[in-house]
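The values are calculated or read from the model by the stated rules, or taken from the named source; none is laboratory data. Since the structure is predicted, the reported quantities are computational estimates derived from the model, not experimental observations. Heads up, the Cβs are rebuilt from the backbone with ideal geometry, glycines too, and the neighbour counts pull from every protein chain shown. For the accessible areas, the whole protein counts, side chains as well, though only heavy atoms, and no ligand, DNA or RNA atoms are used. Shrake-Rupley method; radii C 1.70, N 1.55, O 1.52, S 1.80 Å.
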Amino acid sequence: MTVIPMGDPHFGLMSWAAETGENFDLKIAEELTLASIDRLSIRSPASSTAMLLNLGDFFHADDGTNRTPRGNNLLDVDGRHAKIAMVGVKAMQHSVMRLLEKHENVIVKNIRGNHDPHSHMLLTIALFSRFADNPRVTVDMSPAPYYYYQFGQNLIGAAHGDGAK
């Protein structure tokens with residue numbers, strides 16, 4: 001089994017190098033994600049199963065208010081929420097398709113983060129809809145904040161970490 005974890009991609013985040021040390025925007029998030037999944041797919045050995053494990057905060061903002069859902073903190077966001085969602089969904093679809101080139105089956109799990117407690121589920125639904133007719137792709141639909149998967153004698157556990165003690 002090949003597991004590819006994605007930690008906090010923050011699609012939609014905008015930062016300015018003069019203030020934060022690096023520029024970051026939606027285009028950079030997309031380019032980094034596509035390049036990373038392409039590189040990982042090339043370098044990893046073929047296996048029966050690949051797991052694409054989004055560990056949360058895939059999206060920087062959960063909706064068009066551009067604030068964190070829990071703390072109501074203002075976020076620097078690159079564009080409209082719909083545009084960010086379209087680019088993010090496209091990047092994840094690309095990731096699944098790339099993994100299908102090398103692995104017999106692909107499991108996709110999106111875990112909610114503190115920045116995207118609702119929009120992570122829309123990402124999941126979009127991927128489920130896109131790959132519903134592909135028997136080689138399983139999109140885990142559970143909205144639970146903790147994820148456990150047994151593969152042979154191995155247990156994979158994951159959470160975003162913001163709510164775990």
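Counting just the residues of the range 111-141 that are polar (S, T, N, Q) and open to solvent by less than 20 Å² (accessible area, probe 1.4 Å), which one comes out farthest from residue 10 (Cα to Cα)? Ranking the candidates gives 124 first.
Scanning the range 67-84 for residues that are surrounded by fewer than 20 Cβ atoms within 10 Å (Cβ to Cβ) and either assigned to a loop (DSSP other than H, G, I, E, B) or in contact with a Leu (Cβ under 9 Å, 6 or more places away or on another chain) (or both) yields 67, 68, 69, 70, 71, 72, 73, 75, 76, 79, 80, 83.
Taking residue 24 as meeting all but one of (1) over 23 Å from residue 160 (Cβ atoms); (2) in contact with a Ser or Thr (Cβ under 9 Å, 6 or more places away or on another chain), write down the number of the exception. Residue 24 satisfies every listed condition except (1). Applying a threshold of 7 Å to beta carbon distances and a minimum spacing of six or more residues, or different chains, the list of pairs starting in the range 137-148 at a residue that is of a type in the set (D, E, K, R) and ending at one that is surrounded by 17 or more Cβ atoms within 10 Å (Cβ to Cβ) reads 140/107; 140/108; 140/109. Name every residue in the range 1-25 that is at positive phi and exposed (fewer than 15 other Cβ atoms within 10 Å of the Cβ), in order of residue number. Residue satisfying the conditions is 21 alone. Could you please find all residues in the range 92-110 being of a type in the set (A, V, I, L, M, F, W, C) and open to solvent by less than 50 Å² (accessible area, probe 1.4 Å)? Scanning the range 92-110 gives 92, 96, 99, 100, 106, 107, 108. The set of residues in the range 113-165 being touching an Asp or Glu at 6+ places or on another chain (Cβ under 6 Å) and either among the basic types (Lys, Arg) or outside any loop (DSSP other than H, G, I, E, B) (or both) consists of 119 alone. The criterion of being within 25 Å of residue 2 (Cα to Cα), touching a helix residue (DSSP H, G or I) at 6+ places or on another chain (Cβ under 9 Å), free of Cβ contacts under 8 Å to residues at least 60 places away in the same chain and not basic (Lys, Arg) does not hold for residue 58.
Out of all the residues in the range 41-55, is one or more at pLDDT 95 or above, outside any helix (DSSP H, G or I) and farther than 23 Å from residue 150 by Cα? No.
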